[in-house]
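Everything below concerns the one structure shown next.
The values are calculated or read from the model by the stated rules, or taken from the named source; none is laboratory data. What you are looking at is a predicted structure, and each value in this text was computed from that prediction instead of being measured. A quick note on method: Cβ atoms are made from the backbone with ideal geometry, for glycine too, and the neighbour counts reach across all protein chains shown. What goes into the accessible areas is simple: the full protein's heavy atoms, side chains included, and nothing from ligands, DNA or RNA. Shrake-Rupley method; radii C 1.70, N 1.55, O 1.52, S 1.80 Å.
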Amino acid sequence: TAGIASLNLVGSSEHVSDILLQPDGKALVLVRDWPTEALTDLARLHGDPPPPPPTTDLSLEFVSARYIRSRFVFSVLVTNNSPDTAHDVEVPISLSATLLLHSLLPSTVTCSGTSGRNPVCSLGDLAAGARRRVSFSYSGASPGTTIDITASVNSSTTDPEISNNSDSASVAIPTGRR
């Protein structure tokens, strides 16, 4: 440490894990858990290319879709297949008929446009490798019709692989009681 009188850190030092003195006399500051924005700013300062932005690979599939006891019921499974967290995950749904949402599980999921054909459900953030099943129960389906449904998933995190982001199903509504 000879020759170093002091080291002034500009900004917060909460992410500094160690300071090493290199043979050429320069100090190497080791950091942990720095936000991506801070790393990008640091890389720009030194002329290095910034780190790539986080990406995700979300997928959605229907787990079930059927008509039970006067209710049109379906479940979708949303999976984050990437090493990064997907932020602000939403599941837009398109129904071929105007229906009324009767129930939604889990209760942490919120939906807008619950009576109609195009609700959008917010799942929040989905951690890397996580899966979330969402189940819907609708009333108001007309006997003798077929309900077509399409669901997709998107988020504010870039998803370069969108071919697995949507799925569709059809359910025939019986004419008699079931």
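In the stretch 95-111, the residues that are farther than 20 Å from residue 168 by Cβ form Cβ pairs under 7 Å with partners that are assigned to a loop (DSSP other than H, G, I, E, B) and open to solvent by 50 Å² or more (accessible area, probe 1.4 Å), at six or more places apart or across chains, as follows: 100/140. If you go through the stretch 63-79 and keep only what is crowded, with 19+ Cβ neighbours inside 10 Å and not in a strand (DSSP E or B), you end up with nothing.
Taken as a whole, the condition of being more than 26 Å from residue 67 (Cβ to Cβ), within 22 Å of the chain's Cα centre (by Cα) and either open to solvent by less than 30 Å² (accessible area, probe 1.4 Å) or aromatic (Phe, Trp, Tyr) (or both) applies to residue 82. When residue 94 is tested against (1) of a type in the set (Gly, Ala, Ser); (2) part of a loop (DSSP other than H, G, I, E, B); (3) under 22 Å from the mean Cα position of the chain (by Cα), just one condition goes unmet, and that condition is (2). The set of residues from the stretch 120-173 being part of a strand (DSSP E or B), more than 20 Å from residue 63 (Cβ to Cβ) and acidic (Asp, Glu) comprises just one member, 125. Looking only at residues of the stretch 91-119 that are open to solvent by 60 Å² or more (accessible area, probe 1.4 Å) and touching a Leu at 6+ places or on another chain (Cβ under 9 Å), we find that the one that is farthest from residue 57 (Cα to Cα) is 115. Annotation note: of 57, 88, the sole residue that is under 15 Å from the mean Cα position of the chain (by Cα), modelled with pLDDT of 90 or more, acidic (Asp, Glu) and open to solvent by 90 Å² or more (accessible area, probe 1.4 Å) is 88.
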